[in-house]
Amino acid sequence: MPPKKANKPDGVQRLKGDLKNHTIGSLYLIGGEESYLKQHYLAELEKAVVDETFRDFNYEVFEGAGLTADQLITSIDSYPAMAERRMVVVKDLDVFKPTAALKEDLPAILSNLPEFVCLVFYYDTIELKPDKRTKLYTTINKQGCIADFSRLERHDLIPWVKRHVRDAGKQIDNDTCDYLLFICGTSMTNLLMEIEKACAHSATDAVKRSDIDAVCT
């Protein structure tokens, strides 16, 4: 599991709480700089909502650029097949600056989501910038959850790095962890690859600076 971080935005805490308490809602916006966390929590929502046996009937993904209001309405109003719920994921559609094909209908759509659907707007390559001045923001904030996953600070990442090193059968001390983060940055997706490389290079039971210097970028 990803590391915990204090002072997370309310939306992140709410998403975590919904997963922990098995109280998954009908609407989520997931975005932010940290791709690893975004992907992790999208996958956790999928596991919580979608019955794998009937996944093909109850899980649908759209690219936001070409999505029309009719397509979205048809998808979210389709009753789950042989399951309690269905999940609809829309990638890279900025709901606060929607396309012309959605602009007029989106507020009404999001205000009347069926309880059996879990609709997720996933901000993969575009930035999640909620416009709190709009009525749409009020609707989304009331009906759903806006989870913005920012990059973690280096001191928050150290326990996470140590855990992944330990999972690889190695050890690493705090100073060496900090050195790895200094060299490789704080992207968790990138760090997973660099941790794997450093552990594979280590000839002892511990990852050292020399391992990081030899193979990490």
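The values are calculated or read from the model by the stated rules, or taken from the named source; none is laboratory data. A quick note: this is a predicted structure, and the numbers were derived from the prediction, not measured. When we count neighbours, we look across all protein chains shown, and the Cβ atoms used for this are built from the backbone with ideal geometry, even at glycine. Keep in mind that these areas ignore ligands, DNA and RNA; they rest on the heavy atoms of the full protein, side chains included. Shrake-Rupley method; radii C 1.70, N 1.55, O 1.52, S 1.80 Å.
Worth pointing out:
- Residue-level check: of (1) assigned to a strand (DSSP E or B); (2) over 24 Å from Asp131 (Cα atoms); (3) open to solvent by less than 50 Å² (accessible area, probe 1.4 Å); (4) without any contact (Cβ under 8 Å) to a residue 40 or more places away in the chain, Val88 misses just (2).
- Gln143 meets each of the listed conditions (1) without any contact (Cβ under 8 Å) to a residue 60 or more places away in the chain; (2) within 18 Å of Val12 (Cβ to Cβ); (3) surrounded by fewer than 16 Cβ atoms within 10 Å (Cβ to Cβ); (4) under 20 Å from the mean Cα position of the chain (by Cα) apart from (1).
- Selection count where residues are outside any helix (DSSP H, G or I), in contact with a Leu (Cβ under 9 Å, 6 or more places away or on another chain) and either open to solvent by 60 Å² or more (accessible area, probe 1.4 Å) or among the hydroxyl-bearing types (Ser, Thr, Tyr) (or both), scope segment 152-189: 1
- Residue match in segment 92-99 (condition: over 24 Å from Lys47 (Cα atoms), open to solvent by less than 10 Å² (accessible area, probe 1.4 Å) and part of a loop (DSSP other than H, G, I, E, B)): yes
- Residue count, segment 197-212 (criterion: without any contact (Cβ under 8 Å) to a residue 40 or more places away in the chain, in contact with a Lys or Arg (Cβ under 9 Å, 6 or more places away or on another chain), assigned to a loop (DSSP other than H, G, I, E, B) and surrounded by 16 or more Cβ atoms within 10 Å (Cβ to Cβ)): 1
- Screening the candidates Glu127, Glu115, Glu194, Glu104 for the property of being of a type in the set (Asp, Glu), open to solvent by less than 70 Å² (accessible area, probe 1.4 Å) and out of contact with any Lys or Arg (no Cβ under 8 Å at 6 or more places or on another chain) yields one hit, Glu194.
- Among the residues of segment 42-64, those identified as closer than 13 Å to Phe121 by Cβ and not aliphatic (A, V, I, L, M) are Phe62, Glu63, Gly64.
- Set Leu42, Leu29: member being at pLDDT 95 or above, open to solvent by less than 20 Å² (accessible area, probe 1.4 Å) and assigned to a helix (DSSP H, G or I): Leu42
- Check on Ile24, in contact (Cβ under 8 Å) with a residue 24 or more places away in the chain, open to solvent by less than 60 Å² (accessible area, probe 1.4 Å), among the β-branched types (Val, Ile, Thr) and more than 17 Å from Arg85 (Cβ to Cβ): no
- One residue stands out in segment 130-140 among those that are part of a helix (DSSP H, G or I) and open to solvent by 50 Å² or more (accessible area, probe 1.4 Å): the one that is modelled with the highest pLDDT, namely Thr138.
- Qualifying residue in segment 49-70 (condition: buried (at least 18 other Cβ atoms within 10 Å of the Cβ), modelled with pLDDT under 90 and not basic (Lys, Arg)): yes
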